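The values are calculated or read from the model by the stated rules, or taken from the named source; none is laboratory data. Since this is a predicted model, take the numbers as computed values, not measurements. FYI the Cβ positions are ideal-geometry reconstructions off the backbone, even for glycines, and counts take in every protein chain you see. Calculation scope for accessible area: heavy atoms of the full protein, side chains included, ligands and nucleic acids excluded. Shrake-Rupley method; radii C 1.70, N 1.55, O 1.52, S 1.80 Å.
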Amino acid sequence: MESKRQQKVARQLQKDLSEIFQREVPHLFGGAFITVTNVRVSPDLSVARVYLSFLATKNKTLLLETIQEKGKVIRQHLGERVRHQLRIVPDLAFFIDDTAEYADKMDKLFAGLDIPPAPEEDEE
């Protein structure tokens, strides 16, 4: 379970990273719309796991690799934003958030099920 401090830092990092991806460095990623869906921070606040969702892109793994390559630039922008709030700017680890795709897959599975009605019982 995360502490209150971890939760607060994670929310702040999510907000700041969202603004960085959408306002400061969108040119680095070819116009792809990148959404920061979740951030998990280690107990010592030194590592942040950033979960991303992509729109307007065909190859998500290639975009994730590009983001990982540009991780130092993103961390530098993040450091400029949180320098008065955090002593250490966390190392960023990026992951694809596939919960929306998983939910869509489950919806399709449930829609494809053919469940017969329960047999009626005779009342005698």
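Across the range 81-106, which residue is nearest to ILE20 (Cα to Cα) among those that are assigned to a helix (DSSP H, G or I) and open to solvent by less than 100 Å² (accessible area, probe 1.4 Å)?
This residue is ARG81.
In the range 22-34, which residue that is without any contact (Cβ under 8 Å) to a residue 40 or more places away in the chain and of a type outside the set (Phe, Trp, Tyr) is surrounded by the most Cβ atoms within 10 Å (Cβ to Cβ)?
If we take residues in the range 22-34 being without any contact (Cβ under 8 Å) to a residue 40 or more places away in the chain and of a type outside the set (Phe, Trp, Tyr), then ILE34 is surrounded by the most Cβ atoms within 10 Å (Cβ to Cβ).
Would you please name the residue that is nearest to VAL73 (Cα to Cα), looking only at residues in the range 4-59 that are at pLDDT 90 or above and in a loop (DSSP other than H, G, I, E, B)?
Filtering first and then ranking leaves SER46.
Given the conditions (1) out of contact with any Asp or Glu (no Cβ under 6 Å at 6 or more places or on another chain); (2) buried (at least 16 other Cβ atoms within 10 Å of the Cβ), and given that TYR51 satisfies all but one, which numbered condition is not satisfied?
It is condition (1) that TYR51 fails.
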